[in-house]
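The values are calculated or read from the model by the stated rules, or taken from the named source; none is laboratory data. Since the model is a prediction, treat every value here as computed from it, not as a measurement. Here the Cβ is made from the backbone with ideal geometry for all residues, glycine too, and neighbour counts use every protein chain on show.
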Amino acid sequence: MSPRRIPSRPGELIDRSTTVSFTWNGRAFTGHQGDTIASALAAAGVEIFSRSMKYHRRRGIFSANHWDPNLSVQVGDEPNVRAGSRRLLEGMQVSAQNVWPSLRFDLGTANQLVGRFLSAGFYYKTFMRPQFLWHSLYQRILRKFAPGGRIHWNTSTHGAYDKRYAHPDVLIAGGGPAGMAAALSAAEAGATVMLVEQEPELGGHLRWGANDDLEVLADLRSAVEASPGIEVLVDSTVSGRYDHNWIAINQRSHPLAPERLIKARAGSLVVAPGLIERPYVFAGNDTPGVMLAGAVRRLTNLWAVRPGDRAVVLTASSEGDSAVADLESAGVEIVEVLDARSGADIVKVDGRGRVRKVHLGDGRTLAADLVVTATGWTAPTSLLNMAGDRPVYDPVAARYFPHALPDNVLATGGITGDGSIAELLAHGRETGELAAARALRIRHDVLTTTARSTSPKGPRPETVPDDRIPLRRVPHPECYRSSTHGLVDFSEDISSKDLMQAASEGFDSIELMKRYTTVTMGPSQGKLETVNAASVLAEARQVDMADVGTTVWRPPFSPISLGALAGRIFEPVRRSALQDWHEANGAVNLLAGQWVRPDRYGDPMAEALNVRNNVGLIDVTPLGKLDLRGPDVPKLLELVYVNRWQKLKVGRVRYGAMVGEDGVVSDDGVTGRLAKDHYLMTTTSSGAGAVWEMLEDWLQTYRSDWEVHVTPVTGGLTSINVAGPRSRDLLERLVGGVDLSADAFPYFSVRTGTVAGVADCIIWRIGFTGELSYELHVPSGHALHVWESLLATGSDLGAAPFGVEAQRILRLEKGHYIVGQDTDGLSKAPTAGLAGLVKLDKEDTVGLPELRAAFDRTDLPVLVGLQPDDPTVVPEEACQIVAGDSNEILGRVTSSRMSPTLGRSICLAQVDPKLAAAGTSVTVKLVDGSRITATVQEHHAHLDPEGERQRV
Amino acid sequence: MILVPCPNCGPRNSSDLRNTGEVVPRPDAATASLSEWRSYLYLRDNPAGWVTETWYCRSGCRTYFTIERNTATNEVRGLERT
Amino acid sequence: MSRHGYRYSAGKLLKHGVTRGDWPRMWSKPERRDSYDVVIVGGGLHGLATAYYLAKNHGITNVAVVDKGYLGGGGSGRNTAIVRSNYLTPEGVAFYDRSLQLYNTMASDLNLNVMLSRRGHLTLAHTDSALRTMTWRAEVNKLLDIDSSVIDPEEVKRLTPSLDVSSDTRYPILGALYHPPGGIVRHDAVVWGYARAADHLGVHLLQDTEVLDISCSGGDGPDGKGPGGRVTGVRTSRGDISAPVVVNCTAGWASLISNMAGVPLAITTHPLQAAVTEPCKVFLPTVVVSGSLHVYVSQTDRGELVFGASVDPIGTYRVNGTLEFTEELAGHVLELMPGISKMRLMRQWSGLCDMTPDYSPIMGFTAVDGYLVDVGWGTYGFKAGPVAGETMAETIATGRTADLIASFGIERFTEGDLVGEKGAAAVGH
C-alpha cells in the first residue's frame, strides 16, 4: 500500500501507529496521522495530482508545501485545498480538479496540440468575427476551461466561523528559528508576544534539517513552551498588515470553528517568514518528477517518502547539497550532481507522466526519474510591501531584501540575509529585543493618551537604536533560466516564451506584462513566479533586474476563506416590545430598515376600514423619538426645522419638516412641548439616527453655548397609535389624569398621564391616518400590558390591530407624503408642498440660502394628489407620467393604493409644474406598457381635505 | 483599520467612529451669497497630505472632535475637542 | 487595416503559431515633441479614448497622452469591469447607453477582442422601497428603449441559482432589476485597444511622464492661473510641453491636477476596494449587485469571483486596502450566496475614486480657457469610458459642449442644478 514509504526518520511527523483512511478519485487509500494529503498519496505511489490550467499537462509534486502550484485538490465540498500542506483527516474524499472526464484520461489535453497558437493574450486577437459567435459560442467554451474546484452551493458553513481580537505588544509572523528566538527575547523584555506559524508545528526549515538542527529545534520549542509571555498559534497565517499595525491572522485547526480570524493591534510586527525556493526555468520543468530541493527534503525527512529512484540534482547552493545527502539516505540513486555555480546546466527534461531523460547543458543525456533543482530563493516580502516597503534587488545574492520599514515593523531571519543557525538565532534575538522596546514605548504612549485608563507604570521607555548586526548576504549566482524556454508560472501555464512575446509587443513594464499574460495572477499570487517573471523581462529588455521592479504584493498573504472573513452572522434586527405579540397573533412581517414590523394581520383593506369606522391600534415604535431638555430647545428647533418654534406652548404639538444644508427635504415629524424645558421630538424611522447625530453636531460644533440635552428614546418608549372615530371612547376607559374631551385636549396637543395603570405615558393627539387619533408613548417594559388592555377593553368598540400596509392606505387617503418615497434626493421644500410652512425670514436655519433660492424657482417638480380616471386601475408606484403618446417624462407616481374608503384608486405624484394645476389631465404609463389618463386633484388629501374627521 | 484618538475614549478603531470629512467653515446663513454657500456645500480642498477633519465618536462618548490626518499616509496627529 | 496597422485575426494567430514569428508592438515609443495641439493628462481609459476619438472622428492627431506611470495603471485597471446603461435619470441613461453601444462594436472598431460578456445584470431589491426604486429605473429605462425590467424572486433564482431567495433571510430578495445587455468587459483590453488604435493614428503615448504643473496666463489667481486665464501648456517630469488645450482625464488625482490650473473641484477622493477569489468552475452566470448590502459580484471566464463594494467611508489617497472591507464584503456576499463560504479570497486591491456630491461626473469647459475636465467619475468611470472619450473629443474639436454631457458641467455646483443619480448610484454597479 505504501511502496514509497521509507524507514523511520528522526524528524518525521507521521505517527506510524495510526491509520487514516481516505479516498482519492473514489479509490480507497490510507496514510498516517501527520501526513499531508500529498505525502500520503506520494507514499502510496501516486505521481499525478492535477492537470495544468491551459494545456491540461500532467502535474506532480513540485514544492511539497503550501505554495505547491500542482497540488490543488477538491476535498468534499471544499475546492482548491492545498494537498501539500493540508493534514490528512479520516474520511476525506479527495479528488483531482480541472480534469474531464478523469485525471488519467483528460480531453483537455487536446489543447496541447494547438498550444503553439494559444500564446499569451491569444484571445484578444481572435474570436472577433462573426460577433454573434463570440457571444453564443466562443465565450462559453472559454468559460468551460476555467480552472479550480467545484462549489457545492447547496451546502454552507456560513456563520460557523469565529473571530477574536488581540493586543500583543509583539506579533511575530513566522515560527522558524529567527522568529522563535525573537519571541523568546521579546518575552524576556516584558512584552506580550504572539508567535504565528503557518505550518502545524514550529521550527521552519529546522524541521527537515539534520540531527543538530533537530536538537536546536527541540531546545527552542521547550523554551517557547516554558515562556508564559508567548502565545503560540500554529497552522495559522498572518494574512495581512494594515495601517496602524492592524494585523489579520487566519487561524485554522481551531477546536470550535473551521477557521478563526484574529484581528490584532500589534505594538511591533516582526516579519520572519523565511525564504521560498524559486523554480528554475527550462524546457519540461513542469514534468512530474521535477522537484525543488526543499520538496525532496520535506518528503524524505518529514514524511518518510522516497520521492524517486534515480535523481539528477542541479544545485547552486548548500540547499542542493543537503538534498543530495537526504536523497542518498533515503535510498535514492544520485545519477549526477550538477553544480550551477561552475556552469553546469539542465536544458530539457523528457517524459510525460514522469521524468525519463534529462538533457544537460554540456550535451549529455541522463536517464532519471527525479530532477531536483536548488537554484535560488524568493524573499516573501508581502507583509513588508503591505507596510509600505519596496524591497530592493541585490544581484550579488540574487534576491530582494527589505529596504525601508516603518518603526513598528521589523524583519528577521532569511528574508534579511543568510547565516548559520547560530547567526539566525542571534539576529532573531536582537530583533525581538528591539521589537519589544519599541512596542513597550508605544504601549506607554497609548496609555498616556487614553483619557479614562489608568496611568502607565514608570517613565516612558527610552528609544532604543537599531544596532542589530545585519545578517550576511551570501553570493549566489543569478540562476533563473536555462538556454531553453520553460514554465515561469505553473498555475497559469505561462512560459518564458510567452513573457518574451508580451515584452516584444510593448507590455514591457512588469505590471503591463502581468496583466497581459496573467503571470503571477494564480492562487499563489507570485510566491514562486514573481522573480522569475522579472528576470525574463529584464532579459527581454536587456536591463538589470533592479530596473525592472516587481508587481506589488497585496493581502492576503495566502488565500483566506470567505466564511472566515465573514465570521459569525451579526445581522441583527430591531424588535419592538410588542413584536412577540404581533407574531403570536398572525402578523405577516415586513423588514423596514433595521426593524421588523407587522405588515398586516389579515386583510389590510379591512384593517383600514376598521380604523375609518371603529378604532384600530398600530405599533409605531420604530418612529424615531428624541427627548430634548433644556432652556434652549426652542432655538434648536427653530434652527433645524424650516418652520417657527419659539412660541410653542406647553401641552402643544407641532409638525415640522427638515431640510439639509443643500435645501433637500431630509426628515419630518411632530415635536411636542411636555413641560417648560422638556420636549419630545419624533423623526422618521429611517432618519432617527441621522437626526440625532445632526442635533449633536449643532450643539457641539456650532452652538456649544446652548443648553440642550438630547437623549434618544426610540426603543425606550413603545409607541402605539390608537386611531378611529371611537378612539376617544376607548381611551376614556383606560386613561387616568387626563381630560380627553375635545375642548380640554384639542388636536395637536400633548398630555402626560396614566394608561391602563401605567404612569408617565405621553399621549399626543395627532392624525397620520386622518382620523381622530391618539399616539401613546409608553415605557417599553409596560407596553404589552397597555396594548393588551387596549384590545381587551375596546373589543366592543371594534378595537383591532392594523399593520403597516393599512397605515399606508390610510395616510395616502389623507394625502400625507413620506420623506424618501414621495420626495427624493433632489426634492426641495416647494416640491413637497411646504410653501406654507417654511419661514424664510429667520436669522438662521439649516439650508436657509438654498430654501430661499428654491422658492425663487418655477421649474421644480410639484407633489400633487392624482386620481386615475378609471377608478379600478391602480398604477404601480414609480410609474412614469409622460406627455401623451410620446416618451417624454413629465413626472412619476410616488405612491398609489386602492382606497377602501373611497372605492377607487388614489395616488400621490411628482409632476412637472406645468401639470400641477388641479384638474389637469395627465398620462400615466403603466408597467405593462399601457397608458391611462389621470386627473390632478386640488389637494394631496383624497379624503377629508379640511380635516374635519380628526378635529372632532 | 486606523486608530483615531478620541479625546474621551482614547485611541479607538475607526469603525467605532464616523468621519464627517474635512472641516469647512460655515458661512452666516442670513448673509451668505449663494455662491459662497455653494462653495461651503460642495468645494473641498481634498489635499493629498495633512487635512483637518471632524470625527464623531459614534459608538463611544458621542463627541464630535477634530484631528489632523495625512491623507497620503493615514498618519494621525493632534486632537481638539470642538 | 488603416486604423490599426497590423490587423489581428484568427488567420494571423494561425500564421504566427506556424511560423513562430514575432508579433509587432501594440503601440510605439514616440519621441516627445515640444508642443501639441492637445495634451491629455492621464493615460487611462478616458484619456486614451478621448485621444482616439479626437484622431478618428475629428482628424486631430497632434495629441499627447501623458501619464506618470504605465497605461491603464489607475482606475482603468482596478475596476470590476461592469457595463450597463440602466440608470435612473434620462440624461444618465442616454449617456451610458451610448457607451454600451460603443462597447458593443468595440472589438471590431478597435480590432481587439475586449471580451465583452453581455451576461445580464441583476440589481437585487431587499426592501419594498428598493423595489420601488428598481421599478422607477425600469420604467425610465423602458421609455428610453433600454432592455430593463423588474423580475420576481423565482425568476432571479432561475437566472442565478446560487442566490438564496428564501424569504426568511435577513435580507430577503424581493425582486431584482434585470438588465440583459449589462455585463462585464476585460478592462485592460479596452485600455490597450484604445492605446493601440490611437497610437496608430499618430497620437503620442508618453508613459512615465508626470505632470508637475499646468502653465496658464491671464487668470485671476497666482501665476496667471484661475478664472479668466488661459492654458499655455504643461510642465512634466520630462520637460515642458506647450499646448493650447489641456484636458484633465485623471481619476484619484483630479483635484490635485485641477488645482494646477486654479480650478477647484467639488470632489473628495475615496478608495474603492475590490477583491478576487481563487478560481472555481463557473457557476455564476450573471452580474449580481445588491445596493443595500453594498456588494457586487461576477465570475470571470477564469472562474474567479470578482467582488466590489461601495467606496470607503474615510477619504484618503492611500490604496493599500483595509481588512474591514474584506470582512464586510464576505459577510454580505454570504448572506446572498451562503454556499460559497469555502471559497477563498486570493487578492484585495484598491483604487481611487473622485466622488462628487451628486454621483455624476464633471465634464467639459472650465473658467480657464483651454483647460477642460473629464473628472469626478466616482465609481462608474469604466462604464462611461468610451462615451466620455467620444463626447470630450467632440467638445474639444467643435468648441461646443456635446449634447450628451450638457448636464454634467462644472457650473452646476454654483447654479445648484445637481444631477439626480445619487439615489440610484450609491452602489451603482
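Numbers at a glance
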{"item": "A:ALA120 being in a helix (DSSP H, G or I), touching a strand residue (DSSP E or B) at 6+ places or on another chain (Cβ under 8 Å) and either touching a residue at least 12 places away in the same chain (Cβ under 8 Å) or more than 7 Å from every other protein chain (Cβ to nearest Cβ) (or both)", "result": "no"}
{"item": "Boolean, A:LEU837 is assigned to a loop (DSSP other than H, G, I, E, B), among the hydrophobic types (A, V, I, L, M, F, W, C), in contact with a Phe, Trp or Tyr (Cβ under 9 Å, 6 or more places away or on another chain) and under 30 Å from A:ARG728 (Cβ atoms)", "result": "yes"}
{"item": "Complete set of residues in the range A:660-695 that are within 14 Å of another protein chain (Cβ to nearest Cβ) and among the polar types (S, T, N, Q)", "result": "A:SER666, A:THR684, A:SER685, A:SER686"}
{"item": "Residue within the range C:269-277 that is touching a helix residue (DSSP H, G or I) at 6+ places or on another chain (Cβ under 7 Å), farther than 19 Å from A:ASN80 by Cα and in a loop (DSSP other than H, G, I, E, B) present", "result": "no"}
{"item": "Residue within the range C:82-93 that is closer than 18 Å to C:ALA254 by Cβ and either surrounded by fewer than 21 Cβ atoms within 10 Å (Cβ to Cβ) or touching a helix residue (DSSP H, G or I) at 6+ places or on another chain (Cβ under 8 Å) (or both) present", "result": "no"}
{"item": "Qualifying residue in the range A:422-432 (condition: out of contact with any strand residue (DSSP E or B) (no Cβ under 6 Å at 6 or more places or on another chain), more than 24 Å from A:PRO177 (Cα to Cα) and among the charged types (D, E, K, R))", "result": "no"}
{"item": "Search result, residues across the range C:360-370 that are out of contact with any Leu (no Cβ under 9 Å at 6 or more places or on another chain) and either under 15 Å from C:TRP253 (Cβ atoms) or in a loop (DSSP other than H, G, I, E, B) (or both)", "result": "C:PRO361, C:ALA367, C:VAL368, C:GLY370"}
{"item": "Test: residue in the range A:134-145 that is assigned to a loop (DSSP other than H, G, I, E, B) and either under 22 Å from the mean Cα position of the chain (by Cα) or more than 7 Å from every other protein chain (Cβ to nearest Cβ) (or both)", "result": "yes"}
{"item": "Checking A:TYR161 against (1) within 14 Å of chain C (Cβ to nearest Cβ); (2) surrounded by fewer than 18 Cβ atoms within 10 Å (Cβ to Cβ), the condition it does not meet", "result": "(2)"}
{"item": "Residues of the range C:305-324 satisfying the condition of being outside any loop (DSSP other than H, G, I, E, B), hydrophobic (A, V, I, L, M, F, W, C) and more than 19 Å from C:GLY381 (Cβ to Cβ)", "result": "C:LEU305, C:LEU323"}
{"item": "Residues of the range B:15-32 satisfying the condition of being more than 23 Å from C:PRO357 (Cβ to Cβ) and surrounded by 15 or more Cβ atoms within 10 Å (Cβ to Cβ)", "result": "B:SER15, B:ASP16"}
{"item": "Given (1) within 13 Å of chain C (Cβ to nearest Cβ); (2) under 24 Å from A:VAL552 (Cβ atoms); (3) in contact (Cβ under 8 Å) with a residue 40 or more places away in the chain; (4) surrounded by fewer than 21 Cβ atoms within 10 Å (Cβ to Cβ), index of the condition A:ASP508 fails", "result": "(3)"}
{"item": "Residue within the range A:266-276 that is more than 14 Å from chain B (Cβ to nearest Cβ), surrounded by fewer than 24 Cβ atoms within 10 Å (Cβ to Cβ), part of a loop (DSSP other than H, G, I, E, B) and within 26 Å of the chain's Cα centre (by Cα) present", "result": "no"}
{"item": "Some residue of the range C:63-84 being in the same structural domain as C:TYR194 (by TED's automatic domain parsing), in contact with a Phe, Trp or Tyr (Cβ under 8 Å, 6 or more places away or on another chain) and of a type in the set (Phe, Trp, Tyr)", "result": "no"}
{"item": "Unmet criterion (only one of (1) under 34 Å from the mean Cα position of the chain (by Cα); (2) within 11 Å of chain C (Cβ to nearest Cβ); (3) outside any helix (DSSP H, G or I)) for A:MET128", "result": "(1)"}
{"item": "Residue, nearest to the other protein chains (Cβ to nearest Cβ), within the range B:1-56, restricted to residues that are within 16 Å of C:ARG318 (Cβ to Cβ), of a type in the set (Gly, Ala, Ser) and part of a loop (DSSP other than H, G, I, E, B)", "result": "B:ALA48"}
{"item": "Every pair of residues 6+ apart whose Cβ atoms lie under 8 Å, when the first sits in the range A:128-152 and is of a type in the set (Ser, Thr, Tyr) while the second is surrounded by 12 or more Cβ atoms within 10 Å (Cβ to Cβ) and in a loop (DSSP other than H, G, I, E, B)", "result": "A:TYR138/A:PHE127"}
{"item": "Qualifying residue in the range A:539-562 (condition: crowded, with 24+ Cβ neighbours inside 10 Å, part of a helix (DSSP H, G or I) and of a type in the set (Val, Ile, Thr))", "result": "no"}
{"item": "Segments classed as helices (runs of 4 or more DSSP H), wholly inside the range C:1-113, with at least 1 members that are more than 13 Å from chain A (Cβ to nearest Cβ), out of contact with any Pro (no Cβ under 8 Å at 6 or more places or on another chain) and in contact (Cβ under 8 Å) with a residue 24 or more places away in the chain", "result": "C:45-58, C:90-104"}
{"item": "Selected residue (only one of C:SER129, C:SER149 is among the polar types (S, T, N, Q), over 25 Å from C:GLN299 (Cα atoms), surrounded by fewer than 22 Cβ atoms within 10 Å (Cβ to Cβ) and within 9 Å of another protein chain (Cβ to nearest Cβ))", "result": "C:SER129"}
{"item": "Residue list for the range A:622-631, restricted to those being of a type outside the set (Gly, Ala, Ser) and touching a helix residue (DSSP H, G or I) at 6+ places or on another chain (Cβ under 9 Å)", "result": "A:PRO622, A:LEU623, A:LYS625, A:LEU626, A:LEU628"}
{"item": "Residue tally, condition out of contact with any Cys (no Cβ under 6 Å at 6 or more places or on another chain), away from chain C (no Cβ under 14 Å) and over 22 Å from C:VAL93 (Cα atoms), over the range A:864-921", "result": "27"}
{"item": "Those residues of the range C:293-338 which are at the interface with chain A (Cβ under 7 Å from one of its Cβ atoms), aliphatic (A, V, I, L, M) and closer than 13 Å to B:ILE2 by Cα, in sequence order", "result": "C:LEU323"}
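Here's the yes/no breakdown for (1) at pLDDT 95 or above; (2) of a type in the set (Ser, Thr, Tyr):
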site: A:LYS842; (1), (2): no, no
site: A:PRO849; (1), (2): yes, no
site: A:ALA854; (1), (2): no, no
site: A:THR858; (1), (2): no, yes
site: A:LEU866; (1), (2): yes, no
site: A:VAL874; (1), (2): yes, no
site: A:ALA878; (1), (2): yes, no
site: A:ILE906; (1), (2): yes, no
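This table checks each residue for (1) in contact (Cβ under 8 Å) with a residue 60 or more places away in the chain; (2) in the same structural domain as C:PRO313 (by TED's automatic domain parsing).
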site: C:LYS342; (1), (2): no, yes
site: C:LEU345; (1), (2): yes, yes
site: C:TRP349; (1), (2): yes, yes
site: C:ALA367; (1), (2): yes, no
site: C:VAL375; (1), (2): yes, no
site: C:GLY381; (1), (2): yes, no
site: C:ALA402; (1), (2): no, no
